[in-house]
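Okay, structure first, notes after.
The values are calculated or read from the model by the stated rules, or taken from the named source; none is laboratory data. If you're wondering where the values come from, they're calculated on a predicted model, not measured in any experiment. A quick note on method: Cβ atoms are made from the backbone with ideal geometry, for glycine too, and the neighbour counts reach across all protein chains shown. Remember, those area values only see protein heavy atoms, side chains included, never the ligands or the DNA or RNA. Shrake-Rupley method; radii C 1.70, N 1.55, O 1.52, S 1.80 Å.
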Amino acid sequence: GDSVTQMEGPVTLSEEACLTINCTYTATGYPSLFWYVQYPGEGLQLLLKATKADDKGSNKGFEATYRKETTSFHLEKGSVQVSDSAVYFCALIRSNDYKLSFGAGTTVTVRA
Amino acid sequence: DTAVSQTPKYLVTQMGNDKSIKCEQNLGHDTMYWYKQDSKKFLKIMFSYNNKELIINETVPNRFSPKSPDKAHLNLHINSLELGDSAVYFCASSHSGRATDTQYFGPGTRLTVL
């Protein structure tokens, strides 16, 4: 079945450090890939997405590139801020399906 | 205006009780979902409705019954609550359920069963 594996946390960084959260997937066909973010006490928000191979999603300084050859969708940000502290979820949905399959989530804490 | 809203935000109840969580979306979307997030933050789909029809029903105990009175609403009723039902329940919606659609999530309902 479909699965998403993401880097285990928690991750603690200093402000202005670089952040990378690894995400790899297993799925048949060509899924769409997503990064969702959950700020403390809130629901999930879409951070970025990519719907086909080699697409790059970007938002709020975060980027991720859909790499079919390595079945990966790693999330990167060059300079994090305290406000980026949150739980980040990698997710996929197959082209003939309705449900998102989520990774386990990575908790990121950015210290001033 | 809140796009996807849920009520209540917090729900504390005793084992064996029956409770409902309501969800409404004002985005004009055709597809709605219920997800469960456990204490380790793991998220899993429970149900999905498209145009009021059930299209996803994952391995969920039949004590859980979704109801969609119209496209804008998807409620979740839980009978005979158990301790293991304690979790955060998220409602979501998307335009048509296609893989490329973004799913928009509500703020969550934290259910605590004592």
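Among the conditions (1) at pLDDT below 95; (2) under 30 Å from A:T51 (Cα atoms); (3) open to solvent by 30 Å² or more (accessible area, probe 1.4 Å), the only one that B:P69 does not satisfy is (2). If you filter the stretch B:28-54 down to residues that are part of a loop (DSSP other than H, G, I, E, B) and surrounded by fewer than 13 Cβ atoms within 10 Å (Cβ to Cβ), you find that the one that is nearest to the other protein chains (Cβ to nearest Cβ) is B:K40.
Residue check: is A:K99 under 30 Å from B:E53 (Cβ atoms), of a type in the set (D, E, K, R), under 14 Å from the mean Cα position of the chain (by Cα) and within 14 Å of chain B (Cβ to nearest Cβ)?
Working: under 30 Å from B:E53 (Cβ atoms): yes; of a type in the set (D, E, K, R): yes; under 14 Å from the mean Cα position of the chain (by Cα): no; within 14 Å of chain B (Cβ to nearest Cβ): yes.
Here the answer is no, as A:K99 does not meet what is asked.
Right, B:Y89: within 12 Å of another protein chain (Cβ to nearest Cβ), in contact with a Phe, Trp or Tyr (Cβ under 8 Å, 6 or more places away or on another chain) and either of a type in the set (F, W, Y) or surrounded by fewer than 16 Cβ atoms within 10 Å (Cβ to Cβ) (or both) or not? When the stated conditions are applied, B:Y89 passes them.
Among strands (runs of 3 or more DSSP E) entirely within the stretch A:30-94, having at least 2 residues that are at the interface with chain B (Cβ under 9 Å from one of its Cβ atoms) and open to solvent by less than 10 Å² (accessible area, probe 1.4 Å) singles out A:32-38, A:86-93.
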